[in-house]
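So the structure is just underneath, and the comments pick up after that.
The values are calculated or read from the model by the stated rules, or taken from the named source; none is laboratory data. Note that the coordinates shown come from a computational prediction; the quantities given were computed from them, not determined experimentally. Cβ atoms come from the backbone with ideal geometry, glycine included; neighbour counts cover every protein chain shown.
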Amino acid sequence: MQVDAEPELAQKRYFGIDVPFMEHIGLRPELLEDGHCRTSLAWQPELVNSRGDIHGGSMMSAFDFTLSAAARSHDPLRLGAITVDMTTHFYEPARTALIVDARCVRRGRSMAFCEGEIHDESGKLVAVARAVFKLVPLRAPGQ
């Protein structure tokens, strides 16, 4: 499913849901299909550390959303995902725009196990993450 592939997704930018914080950091949804999600994060001065590299917390936020989207990708309009655990390893400084790729490697009725990678514009592997999510029904607005 491409981003805005269905009319109801066009109104909810992040694969069927609103995520104001992801909007705030500029994370762009790129692709969602069963078991796979891809997003991108532009280099922005607001997201960097004292050295000018994209801050690890910025990348972890991008990972958290992208991995959770992969976790709920089989039913994105009805399921949300709550982070239970996430481990991140940073290999290189991030000095360019980033691509975040995530896949769900195992999913049960209520738990999903996901892995992901962040690459820079040149394709260099910058970071990897693994996460576990609890799958929950999405709540209607105002609940």
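Residues in the range 20-50 that are touching a Pro at 6+ places or on another chain (Cβ under 7 Å) and exposed (fewer than 12 other Cβ atoms within 10 Å of the Cβ): none.
How about the range 49-64: which of its residues are over 16 Å from V128 (Cβ atoms), in contact (Cβ under 8 Å) with a residue 40 or more places away in the chain and not basic (K, R)? Matches in the range 49-64: G52, D53. Of all residue pairs spaced 6 or more apart or on separate chains, those with beta-carbon atoms under 8 Å, a first member in the range 37-48 that is under 19 Å from L67 (Cβ atoms) and a second member that is surrounded by 13 or more Cβ atoms within 10 Å (Cβ to Cβ) and of a type in the set (F, W, Y) are C37/F15; T39/F65. Of the residues making up the range 25-80, those that are of a type in the set (A, V, I, L, M) and within 11 Å of the chain's Cα centre (by Cα) are L27, L31, L32, L41, M59, M60, A62, L67, A69, A70, A71. Just one of the listed residues (S122, S61) is of a type in the set (S, T, N, Q), touching a helix residue (DSSP H, G or I) at 6+ places or on another chain (Cβ under 9 Å) and either farther than 20 Å from D18 by Cβ or at pLDDT 95 or above (or both), namely S61. Scanning the range 120-143 for residues that are within 20 Å of L32 (Cβ to Cβ) and surrounded by 19 or more Cβ atoms within 10 Å (Cβ to Cβ) yields A129, A131, F133, L135.
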